[in-house]
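Here the structure is laid out as structure tokens; the discussion comes afterwards.
The values are calculated or read from the model by the stated rules, or taken from the named source; none is laboratory data. Small disclaimer: the values here were computed from a predicted structure and weren't measured. Cβ placement follows ideal geometry from the backbone for every residue including glycine, while neighbour counts extend to all protein chains displayed.
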Amino acid sequence: MARDGYVVPVDQQQGVVTAKKKARSSRSWMLLDATGQSTVLDVDKYAIMHRVQIHARDLRILDPLLSYPSTILGREKAIVLNLEHIKAIITSDEVLLRDPWDEHVIPVVKELQRRLPSENAVRLDHSEGRENPGGHNDEAGEEDESPFEFRALEVALEAICSFLAARTTELETAAYPALDELTSKISSRNLDKVRKLKSSMTRLTARVQKVRDELEQLLDDDDDMADLYLSRKLAGASPVSVSGAANWFAASPTLGSKISRASRASIITVRGDENDVEELEMLLEAYFMQIDSTLNKLTALREYIDDTEDYINIQLDNHRNQLIQLELFLSSGTVSLSIFSLVTAIFGMNIPYTWNEHHGYMFKWVVIVPGIFTSVLFILVMSYSRYKGLVGS
């Protein structure tokens, strides 16, 4: 009897596997140019590598399936940016954002579209179709504004610093009342709540620390900061290199005008300005101070948690001392009762003794003498305990 169903042909199976592999290898990217126009690209990693001229190891840093720490890398013609959820490739005239539909990336896209277009770029677009007698003034204005890659980098740094600061504020809002509640009432529910908050604080501190370390590493190395000057490297390139760059960035509508202006400004930018990183240093220092302030808030929260733990330990030690004191009282009472029981057992045995003839002495022997002995023993035990500091006063 034939089984229900059908057999998929080999060619169809291979087609399904190939489609799955292609869908798996393709990733969603958003391209934003210098005018703020956005285009969604569904291409594989090889097309991205060919477009921006980076190696596979650099693109692997942006893979969301791999947990790479926050990194800012300067390459020959691109900046590879991995800051938490912001994974981007910045060139001298465009930005490639990975996973643009993520809820945390959408505000970054809107901010890039708002801030990337510059007034000089608009004036340049108008001047390309006609003769511009005031072109010298436009070029002067272009020299005064920040390069495209710095504006894109500033948006990414501002977004990640604001995101981490917001997460820190949320954690502080939840942590301080929980800690105050724990100090007033020590319970399993409050302890578990504080434990979860402390775990969240530890993870957030590690994330903030990594971003801070990356900015600090860039600030400490002028060569690394110089690698981020993509426009300067493009301006200082040879005509052959410029033509090669035009082939690589053929998709950009304003690259030709940028290269021409870069060629005219190459004499000024190449001579003596190669090691001038003051503009980028000021930019990085501003966000370094912001992320350092966020880290200081987390450090203060950790210290508050440590102080709360010390206070709770002191309370637990006090309760433990009270239990020890109660245990000593009970132990002393047990010893006293044992002595009374021993004397009563001795005098209660059915053995003829001479002192049994006069029962008037039984009260003296059974009650007065053992009572005095056990009272003295109880006082000695408590005095010794207080002398050794086992119980409070």
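Quick look at the values:
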{"item": "So SER28, is it assigned to a loop (DSSP other than H, G, I, E, B), assigned by TED's automatic domain parsing to the domain that holds VAL105 and either surrounded by fewer than 16 Cβ atoms within 10 Å (Cβ to Cβ) or over 29 Å from the mean Cα position of the chain (by Cα) (or both)", "result": "no"}
{"item": "Residue in segment 302-310 that is at pLDDT 85 or above, aromatic (Phe, Trp, Tyr) and surrounded by 12 or more Cβ atoms within 10 Å (Cβ to Cβ) present", "result": "yes"}
{"item": "Meets criteria (more than 23 Å from ILE79 (Cβ to Cβ) and either acidic (Asp, Glu) or modelled with pLDDT of 90 or more (or both)) for LEU197", "result": "yes"}
{"item": "Subset of segment 62-78 (residues that are among the acidic types (Asp, Glu) and touching a residue at least 60 places away in the same chain (Cβ under 8 Å))", "result": "GLU76"}
{"item": "Any pair with Cβ under 7 angstrom, 6 or more apart, that starts in segment 198-212 at a residue that is surrounded by 16 or more Cβ atoms within 10 Å (Cβ to Cβ) and ends at one that is among the basic types (Lys, Arg) and in a helix (DSSP H, G or I)", "result": "MET201/ARG302; LEU204/ARG167"}
{"item": "Residue in segment 183-191 that is basic (Lys, Arg), loosely packed, with under 11 Cβ neighbours inside 10 Å and modelled with pLDDT under 90 present", "result": "yes"}
{"item": "Failed item in (1) in contact with a Pro (Cβ under 6 Å, 6 or more places away or on another chain); (2) modelled with pLDDT of 80 or more, with VAL343 passing the rest", "result": "(2)"}
